[in-house]
Amino acid sequence: MAGVSPTRTGLLAQPDYLASALQLDSAWTQSLAEREATARTWRSHHRFGHDAVCPQCLMSSVHLRSVWEHCYAVACHHHGRQLVDQCPACGDYLSHSRERIELCQCGHDLRFVQTPSATPAQLWLASLLSTAGAHSGGIEPRIAGAQMSDVTQLVRVLCQQFDATVPGPRQRAAAPSSIQGAVSFLRPLDALLSDWPYSFETHVAERIAAGSPQARTLNALLGRWYQQLKTVTTSGPLQVFLKVVIEVAARDFNGIVDHLVAAEVGLDSYLPVAEAAKQLGIGRDSLVQHLKEGKANYRTRRLGARGLCYEMPKDEVGRLKSERERWISIDAEPPRVLRRLFSLRG
Ligand SMILES: [Zn+2]
Ligand SMILES: [Zn+2]
C-alpha cells in the first residue's frame with residue numbers, strides 16, 4: 001500500500017514516507033523504525049520461523065511486541081509468565097502467516113492459553129531485553145544501562161559453558177528458536193543468579209577447584225570461560241560478574257590473579273613486593289628480608305618454576321610508609337637541633 005520495498009526492513013526504514021503515504025502518526029512510525037533498528041542488532045539471536053506471544057499482553061492489546069522476537073525472550077516481564085509459541089490445541093508453532101495475531105492458524109484463541117510462571121532469571125533477562133539493557137526490573141544482579149549485545153554474549157557463555165568439567169559447549173545451539181529450546185538453554189541462569197551473589201560465587205569456586213593444579217594464572221586455570229567472560233564484563237554494568245570471579249580467585253586460588261583486571265574492578269588490595277618496595281623507596285630485597293623477619297603482613301603466591309612471589313596488602317604498605325616517613329623526619333631533626341645548639345652557644 002505504501003508502494004515502497006516489500007521487505008519489512010525496507011518498509012520500516014522509511015518512517016516519514018510511511019507516515020505520509022499511509023497517513024499514520026509520524027512519531028509512531030519513527031518509534032517503529034527505532035525498534036526495528038534495535039532488533040537488527042540482535043542478528044543471529046532473532047527468533048526465526050514462527051511467533052512467540054504473551055497471552056495476557058494480547059488480551060490487553062492485539063499486537064506483536066518486538067522483544068518477543070529475541071530468541072532469549074522466553075518470558076513477559078509485565079505478567080511474570082512464559083511466552084507461548086506452540087498452540088496447545090493443534091500442537092503447531094504459531095505461523096507468521098496466520099490470519100489473526102490472537103488466533104492460531106487452527107482458530108484457537110491464544111489470549112486464553114495458560115502458560116507456566118517465569119523464573120526470576122527469565123524475568124531478569126526479559127526486563128533487560130524489553131528495555132534494551134536499561135534495567136533488570138529490580139531483579140538481582142541489578143543491571144542498569146548495559147549493552148544488549150554484551151548481555152547476550154554473557155548469557156551465552158554462562159549457559160553454553162555451564163559445566164566446567166565438559167570441555168566443549170554444553171549445547172551446540174547458542175540461539176535456540178523455540179521457547180522450549182530456549183527455556184532449557186537458559187536453565188543454568190536460574191542456578192547462577194539465584195540468591196545473588198552466593199550461587200555464582202559457589203559456581204566460580206567449583207570452577208577454580210576443577211581447574212588444573214598446574215595452572216599458575218587465572219587465564220590458564222579458568223580457560224575459555226574466563227577469557228570470554230572478561231571480554232564483556234571488564235567495564236560497564238556487567239562488571240559485577242567479573243568482580244565475583246576476582247574476589248573468589250583472590251580467596252581460593254594460590255596462583256597469580258590478574259592484577260590489571262583486579263585493579264579494573266577495584267579489588268586490587270594486594271601489591272607485588274617490587275611495587276611495594278618502589279612506593280616505600282627501598283630495595284626489593286631488603287623489603288623481602290623485612291617480610292621474612294615477620295615485621296609486616298604479606299602473602300605468597302606460586303610463580304611458575306621460579307618459586308614464590310611476595311605480595312603485601314595495600315594498607316600494610318601505607319602503614320609502613322607513614323612509619324618510615326616519621327623516621328625520616330626524626331633523622332632530619334639533628335642538624336636543626338645542632339644548629340640551635342650552636343646558635344645558643346653563639
Ligand atoms: Zn505479557
Ligand atoms: Zn492451533
Quote to one decimal, in nm, the extra length available between Ile101 and Ser61 on full extension: 0.36 nm per residue of separation minus the C-alpha distance between them. 13.4 nm
Restricting to lysine pairs 8 or more places apart or on different chains, what number in the chain have Cα atoms under 22 Å apart? 10
Please compute the contact order of the stretch 55-193 in relative form: average sequence separation of alpha-carbon pairs under 8 Å and at least six residues apart, divided by the residue count, as a percent. 24
Ignoring ligands, DNA and RNA, please state the percent of accessible area on the chain from carbon and sulfur, probe 1.4 Å. 53
Could you check the spin-label model distance between Thr202 and His78? Points 7 Å from the Cα along Cα→Cβ, value in nm. 3.6
In nanometres, what is the gap between the two model label sites at Arg224 and Arg251, each 7 Å from Cα along Cα-to-Cβ? 2.9
Calculated Rg and Dmax of the stretch 1-154 using C-alpha coordinates, Å: 16.4, 47
Expressed as a rounded percentage, what relative contact order does the chain have, with Cα pairs under 8 Å and six or more residues apart? 10
Cα centroids of the stretch 137-156 and the stretch 243-266: how far apart, whole angstrom? 22
Based on the alpha carbons, how large is the Rg to Rh ratio for the chain when Rh follows Kirkwood? 1.21
Cysteines having no other Cys beta carbon under 4.7 Å from their own, within the chain: Cys71, Cys159, Cys309
Note to self, the chain gives a 222 nm [θ] from helices alone (DSSP H runs n ≥ 4, -39500 (n - 2.57) apiece, / all residues, nearest 500) of -14500 deg cm²/dmol
Calculate, for the chain, the solvent-accessible area per residue in square angstrom, rolling a 1.4 angstrom probe over the heavy atoms of the protein chains. 53
Normalising by the residue count of the stretch 270-331, find the relative contact order in percent from Cα pairs under 8 Å and 6+ residues apart. 37
How big is the dipole moment of the chain about its Cα centre under a simple scheme where the beta carbon of each Lys and Arg is +1, that of each Asp and Glu is -1, and everything else is neutral? Debye, nearest 20, please. 1500
Per the rule of 0.36 nm per residue minus the C-alpha distance, extending Tyr17 to Thr165 adds in nm 47.7 nm
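The values are calculated or read from the model by the stated rules, or taken from the named source; none is laboratory data. From a predicted model like this one, the values you see are computed outputs, not experimental measurements. Virtual Cβ from ideal backbone geometry, glycine too; neighbours counted across all protein chains shown. In case anyone asks, the SASA skips ligands and DNA or RNA and just uses the protein heavy atoms, side chains included. Shrake-Rupley method; radii C 1.70, N 1.55, O 1.52, S 1.80 Å.
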